[in-house]
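Engineer: Below is the structure I would like to discuss, written out as C-alpha cells.
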Amino acid sequence: MSMARTAVSRPHGPEFCADGKVRFRLWAPTADRVALQLADDGRRLDMQSCDDGWHELATGQVEEGSRYSFVLPDGMRVPDPASRFQPEDVHGPSELVNHKGWVWNDPQWKGRPWDDAVIYELHVGAFTRAGTFRAAIEKLDYLAETGITAIELMPVADFPGTRNWGYDGVLPFAPDSSYGRPEELKGLIEAAHSRGLMVILDVVYNHFGPDGNYLSLYAPQFFTKRHQTPWGPAINFDDDGCGEVREFFIQNALYWLNDFHFDGLRLDAVHAIVDDSPRHILEELAERVHQDAQREVHLILENENNQARYLEPPVDGRRGWYTAQWNDDMHHVLHTALTGERKGYYAEYTGDTEKLGRALAEGFAFQGEVMAYRGNGRGEPSAHLAPAAFVAFLQNHDQIGNRAFGERISVLAPPEAVRAAAAVYSLLPQIPMLFMGEEWNATEPFPFFCDFGADLAEAVRKGRREEFARFPEFQDPKQREKIPDPQAEETFQSAKLRWDRAREPDRAAWREWRRNILAARREHIIPLIRKIVRGGQYKVAGTQAVEVRWQAGDRELVLSANLSAAVAGGFRLEAGRTIWQEGAIGESGALQPWTVLWQQIA
C-alpha cells in the first residue's frame with residue numbers, strides 16, 4: 001500500500017512579496033499548463049510549471065482588491081482553491097486580500113484559559129436579522145453580561161448561495177461574502193476580544209460541499225478511492241500526493257488562527273477523516289498548531305468514535321493534542337431524561353441511569369462497549385481525563401437541526417425539566433455550551449437550510465424527506481411533505497433569532513436565571529475545576545437520579561440530581577456549602593421531581 005507524499009515547500013494561496021509583486025500558486029498536478037486571468041481587463045498571464053505539480057507566477061500587474069481566476073488547459077476558469085475572498089460566490093473570480101495590511105487593535109489579547117470557557121454556539125446568518133459579522137458585534141455586550149466567555153461560529157468558509165449551515169463549504173480560506181468581508185470578520189473578533197470573549201471557528205476538514213469544488217479537474221489527488229465517506233471518495237490524507245493535501249488543511253488551520261486571531265478551532269466530524277498513515281493528520285495538525293502558537297489556542301473535536309487518546313493531557317513537556325471534545329453522550333443522556341425519546345441512537349440511552357451517571361462523572365458513556373445502533377464497539381476509557389476535556393450541552397445545531405422540524409428542547413420538554421438539566425450542565429466541571437437563544441429558552445426552530453442551484457435543489461429536498469422515511473410518524477408521504485423545504489427562503493427565515501421576544505417577561509426571567517447560574521459557576525466552580533484532574537465517582541440513586549462526586553484538592557464537588565418526574569430518595573445528603581439548588585428537597589432528604597443540588601464539601 002503506497003503512502004507516498006509529494007515534497008511540501010510552498011504555501012497555498014496568493015502571497016504579497018516585499019518587492020511589491022504578488023506571487024500566485026496553484027497545485028494542479030494533472031494540468032500541463034495554467035494561466036492567470038485578471039477579471040478587470042481579461043488579461044491572461046502564463047504561469048510557470050514547477051516541480052511536484054505546482055504552477056507559479058509573480059507579477060506586479062495586480063494590487064489588493066484585484067480579482068483573478070486560474071485558466072486550465074481546456075479554457076475552464078476556476079477560482080483559487082485557497083482564495084481569501086469570493087465576492088461573486090464560489091463560481092466567480094477570487095479577490096486579492098492583503099492580510100499584512102491589517103493593523104490589529106488587540107495586541108494585549110493573549111487568550112483565556114480553557115477552564116474559563118462558557119461557549120455560545122451561533123450561526124452568523126441566523127444570529128441576527130441582518131445576518132452579518134458586523135451585526136453580530138451589536139450582541140457581544142449582551143453575551144458578556146450573560147456570562148458567556150467564548151463564541152463559537154458555525155463554519156463561515158465560502159459555500160454556494162446565500163444561506164447554508166456552513167458544512168457545504170468549498171473554499172475553506174474565504175469567509176462567505178453573504179456574512180461580510182474578511183476585514184469585517186476581523187472586526188468581529190477584535191470586538192469580542194475587547195469584551196474578554198474568545199472566538200472559536202468551526203472548520204470542516206472531512207469533505208467538500210457538492211457545488212463549487214473544482215479540485216478534481218486539476219488535482220484529483222485531493223481525493224482517494226481507497227476510503228469512502230458519506231460524501232463519496234475521501235479526502236486524501238494517506239495516498240499518493242497526500243503531502244500537499246495535508247499541508248493545505250494544516251495551512252488553513254494556521255491561517256484562521258494567525259491571520260484572523262481566532263482563539264481556537266472546532267474540527268467537524270473527525271470520525272469521517274480516514275488516515276492510515278503512520279502519523280494521523282489529526283496529530284500532525286495539532287502539533288503544528290501548538291508549535292506555532294504564541295498565545296492560548298484551543299483545539300476542539302467532534303468525534304463520534306469517543307477516542308480519548310486525542311484528549312490526553314501534556315506528558316514530558318509535550319502539549320496534549322486536543323483541548324476538548326464535544327460530548328454527544330452528555331447530550332443524549334440529558335435529552336432522553338427530559339423527553340423519553342427512543343428513536344435511533346436515543347434508544348440506548350433512554351432509561352439507562354448508569355449511562356447518565358457515567359457521562360456526568362467520566363465524560364463518555366460508551367468507553368469501548370458495543371453500541372447496537374452502530375453495530376460495533378464505540379469509545380475508549382475516559383475516566384482518567386480531567387472533566388474540562390469534555391464540552392457539555394443540552395442543545396447544538398446538530399441535535400436541533402437534524403430533527404425533521406428543527407425543534408428546540410424548549411418545545412419538547414416542560415420548563416422545570418429544561419431548567420433542571422440546564423442546572424446540571426451549567427455547573428458541571430465539564431465545559432458548558434449553549435446554542436444561540438438558549439439563554440432565554442428560545443422556541444425558534446433551527447431547521448436544515450441551504451441555497452443550492454436548480455440541479456441540486458430537488459435532490460436535497462428528496463434526500464431530506466427520505467432521511468426521515470424510516471420514522472413511524474413519517475411513513476405517510478403526506479406527512480413527509482410537511483417537513484420544511486431546506487431550499488426555501490422561509491425555512492431559513494424561521495431559524496433567525498427573534499430578539500424582540502427576548503424582552504418578554506418569561507424570556508427575560510430565563511436570561512436572568514442564566515446570568516445568575518453562570519455567575520455561580522464563575523465564583524464557585526471554575527476555581528475547583530483547576531484542581532479536578534480526573535473524572536468523578538457516581539452512584540445511581542433512582543431512575544434518572546444520580547449522585548456524582550469529584551475530588552478537587554482537599555475539597556469535594558458534589559452533584560445530587562433527580563432528572564425525573566418522580567420523587568427520588570436514594571441520596572446521601574451532607575452538610576456543606578450549597579452552590580446552587582434547583583427544585584425542592586423534602587424533609588426526609590428526598591429530591592422532588594426535577595431537583596438539582598450542587599454542593600462543596602470541605
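Engineer: Looking at A469, A459, A488, A454, which one is of a type in the set (G, A, S) and at pLDDT 90 or above?
Structural biologist: On the way: A469 fails: at pLDDT 90 or above; A459 fails: at pLDDT 90 or above; A454 fails: at pLDDT 90 or above.
When all the criteria are applied, what remains is A488.
Engineer: Which condition from (1) closer than 30 Å to A191 by Cβ; (2) of a type outside the set (V, I, T); (3) in contact (Cβ under 8 Å) with a residue 12 or more places away in the chain is the one that Q294 breaks?
Structural biologist: (3)
Engineer: Another question about this same structure. Being over 16 Å from N305 (Cα atoms) and not aliphatic (A, V, I, L, M) is the filter here; which residues of segment 349-373 pass it?
Structural biologist: The first filter runs over segment 349-373 and keeps only residues over 16 Å from N305 (Cα atoms), leaving 349-358, 360-361.
Of everything in segment 349-373, those that are over 16 Å from N305 (Cα atoms) and not aliphatic (A, V, I, L, M) turn out to be Y349, T350, G351, D352, T353, E354, K355, G357, R358.
Engineer: If you don't mind, another one. Please work out which one of (1) surrounded by fewer than 22 Cβ atoms within 10 Å (Cβ to Cβ); (2) of a type outside the set (S, T, N, Q); (3) under 25 Å from the mean Cα position of the chain (by Cα) is the condition F446 fails and give its number.
Structural biologist: (1)
Engineer: Continuing with this model, one more query. Looking only at segment 143-165, decide whether some residue is among the β-branched types (V, I, T), touching a Pro at 6+ places or on another chain (Cβ under 7 Å) and crowded, with 21+ Cβ neighbours inside 10 Å.
Structural biologist: Let us first name the residues in segment 143-165 that are among the β-branched types (V, I, T), namely 146, 148-149, 151, 156, 162.
Imposing the further condition that a residue be touching a Pro at 6+ places or on another chain (Cβ under 7 Å) reduces the set to 156.
Now narrow it down to the ones that are crowded, with 21+ Cβ neighbours inside 10 Å: 156.
Yes, because at least one residue in segment 143-165 is among the β-branched types (V, I, T), touching a Pro at 6+ places or on another chain (Cβ under 7 Å) and crowded, with 21+ Cβ neighbours inside 10 Å.
Engineer: Name the residues in segment 70-87 that are buried (at least 17 other Cβ atoms within 10 Å of the Cβ), in contact with a helix residue (DSSP H, G or I) (Cβ under 7 Å, 6 or more places away or on another chain) and more than 18 Å from F248 (Cα to Cα), would you?
Structural biologist: L72
Engineer: Tell me the residue from A413, A423, A509, A417 that is in a loop (DSSP other than H, G, I, E, B) and either touching a Cys at 6+ places or on another chain (Cβ under 8 Å) or closer than 25 Å to P593 by Cα (or both), please. Before the answer, list the steps.
Structural biologist: On the way: A423 fails: in a loop (DSSP other than H, G, I, E, B); A509 fails: in a loop (DSSP other than H, G, I, E, B); A417 fails: in a loop (DSSP other than H, G, I, E, B).
Going through A413, A423, A509, A417 in turn, the sole match is A413.
Engineer: Using the structure shown, decide if R295 is touching a Gly at 6+ places or on another chain (Cβ under 7 Å) and either more than 25 Å from N327 (Cβ to Cβ) or among the aromatic types (F, W, Y) (or both). Break it down stepwise before answering.
Structural biologist: Details: touching a Gly at 6+ places or on another chain (Cβ under 7 Å): yes; either more than 25 Å from N327 (Cβ to Cβ) or among the aromatic types (F, W, Y) (or both): yes.
Answer is yes for this residue.
Engineer: To continue, here is another question. With the structure loaded, tell me whether A253 is crowded, with 19+ Cβ neighbours inside 10 Å and either closer than 30 Å to I148 by Cα or assigned by TED's automatic domain parsing to the domain that holds P81 (or both) or whether it fails that test. Walk me through it before giving the result.
Structural biologist: On the way: crowded, with 19+ Cβ neighbours inside 10 Å: yes; either closer than 30 Å to I148 by Cα or assigned by TED's automatic domain parsing to the domain that holds P81 (or both): yes.
Yes; evaluated as a whole, the condition is true for this residue.
Engineer: Quick one: P447 ticks every box in (1) within 23 Å of E121 (Cα to Cα); (2) not assigned by TED's automatic domain parsing to the domain that holds W513 except a single one, so which number is it?
Structural biologist: So the condition that P447 fails would be (2).
Engineer: Restricting to segment 369-381, name every residue that is under 24 Å from the mean Cα position of the chain (by Cα) and over 28 Å from I409 (Cα atoms).
Structural biologist: Within segment 369-381, E380, P381 qualify.
Engineer: What are the pairs with Cβ atoms under 8 angstrom where one residue, in segment 15-39, is within 19 Å of Y214 (Cα to Cα) and the other, located anywhere, is among the acidic types (D, E) and in a loop (DSSP other than H, G, I, E, B)? Sequence gap at least six, or different chains.
Structural biologist: F24/D80; L26/D80
Engineer: For residues in segment 104-134 being free of Cβ contacts under 8 Å to residues at least 60 places away in the same chain and crowded, with 22+ Cβ neighbours inside 10 Å, which is nearest to the chain's Cα centre (by Cα)? Working first, answer last.
Structural biologist: Here is the first cut: in segment 104-134, the ones free of Cβ contacts under 8 Å to residues at least 60 places away in the same chain are 107-108, 124, 130, 132-134.
So of that shortlist, the ones also crowded, with 22+ Cβ neighbours inside 10 Å come out as 124, 133.
Details: V124: 13, F133: 17 Å.
Residue satisfying both the conditions and the ranking: V124.
Engineer: With the requirement that a residue be closer than 23 Å to Y167 by Cβ, among the aliphatic types (A, V, I, L, M) and touching a strand residue (DSSP E or B) at 6+ places or on another chain (Cβ under 8 Å), what does segment 395-433 give you? Outline the logic, then answer.
Structural biologist: Looking only at segment 395-433, we keep the residues that are closer than 23 Å to Y167 by Cβ, and these are 395-409, 431, 433.
From what's left, among the aliphatic types (A, V, I, L, M): 400, 404, 409, 431, 433.
Residues satisfying the conditions are I400, I431, M433.
Engineer: Something else about it: Here are D40, D52: which of them is in a helix (DSSP H, G or I), farther than 30 Å from L299 by Cα and modelled with pLDDT under 95?
Structural biologist: After ruling out the rest, the residue left standing is D52.
Engineer: To continue, here is another question. Inspect segment 335-351 for any residue being aromatic (F, W, Y), in a loop (DSSP other than H, G, I, E, B) and farther than 24 Å from K110 by Cα and give the result as yes or no.
Structural biologist: Looking through segment 335-351, at least one residue is aromatic (F, W, Y), in a loop (DSSP other than H, G, I, E, B) and farther than 24 Å from K110 by Cα.
Engineer: Further question: State whether one or more residues within segment 476-488 are loosely packed, with under 14 Cβ neighbours inside 10 Å, in the same structural domain as G125 (by TED's automatic domain parsing) and part of a helix (DSSP H, G or I).
Structural biologist: The answer is no; no qualifying residue exists.
Engineer: For residues that are part of a loop (DSSP other than H, G, I, E, B) and small (G, A, S), scanning just segment 196-240, find the one that is farthest from I119 (Cα to Cα).
Structural biologist: Step one: list which residues in segment 196-240 are part of a loop (DSSP other than H, G, I, E, B), which gives 196-197, 204-214, 219, 230-231, 236-240.
If we keep only those that are small (G, A, S) too, we end up with 196, 209, 212, 219.
Details: G196: 13, G209: 27, G212: 32, A219: 38 Å.
Within segment 196-240, the match that is farthest from I119 (Cα to Cα) is A219.
Engineer: Sticking with this one: List pairs: first in segment 480-496 and under 21 Å from V124 (Cα atoms), second among the small types (G, A, S) and in a helix (DSSP H, G or I), Cβ under 7 Å, 6+ apart or cross-chain?
Structural biologist: Q487/A457; A495/A126; K496/A126
Engineer: Within the set of pairs 6+ apart or on separate chains, which have a first residue in segment 202-219 that is outside the structural domain of W27 (by TED's automatic domain parsing), a second that is of a type in the set (S, T, N, Q) and modelled with pLDDT of 95 or more, and C-beta atoms under 6 Å apart?
Structural biologist: Close Cβ pairs satisfying both conditions: Y218/T30.
Engineer: Let me ask something else. Give just the number: which of (1) of a type outside the set (F, W, Y); (2) surrounded by fewer than 22 Cβ atoms within 10 Å (Cβ to Cβ); (3) assigned to a loop (DSSP other than H, G, I, E, B); (4) in contact (Cβ under 8 Å) with a residue 40 or more places away in the chain does E407 not satisfy?
Structural biologist: That leaves (4) as the condition not met.
Engineer: For residues in segment 571-602 being outside any loop (DSSP other than H, G, I, E, B) and charged (D, E, K, R), which is surrounded by the most Cβ atoms within 10 Å (Cβ to Cβ)?
Structural biologist: If we filter segment 571-602 for residues that are outside any loop (DSSP other than H, G, I, E, B), which is where we start, we get 577-582, 585, 591, 595-601.
Adding the requirement that they be charged (D, E, K, R) leaves 577, 582.
Details: R577: 11, E582: 21.
The residue in question is E582.
Engineer: Follow-up question, since we're still on this one. Taking the stated definitions as given, is E380 in contact (Cβ under 8 Å) with a residue 24 or more places away in the chain, assigned to a loop (DSSP other than H, G, I, E, B) and outside the structural domain of I409 (by TED's automatic domain parsing)? Steps first, please.
Structural biologist: On the way: in contact (Cβ under 8 Å) with a residue 24 or more places away in the chain: yes; assigned to a loop (DSSP other than H, G, I, E, B): yes; outside the structural domain of I409 (by TED's automatic domain parsing): yes.
Yes; evaluated as a whole, the condition is true for this residue.
The values are calculated or read from the model by the stated rules, or taken from the named source; none is laboratory data. Since this is a predicted model, take the numbers as computed values, not measurements. For neighbour counting, all protein chains shown are included, and Cβ atoms are generated from backbone atoms with ideal geometry for every residue, glycine included.
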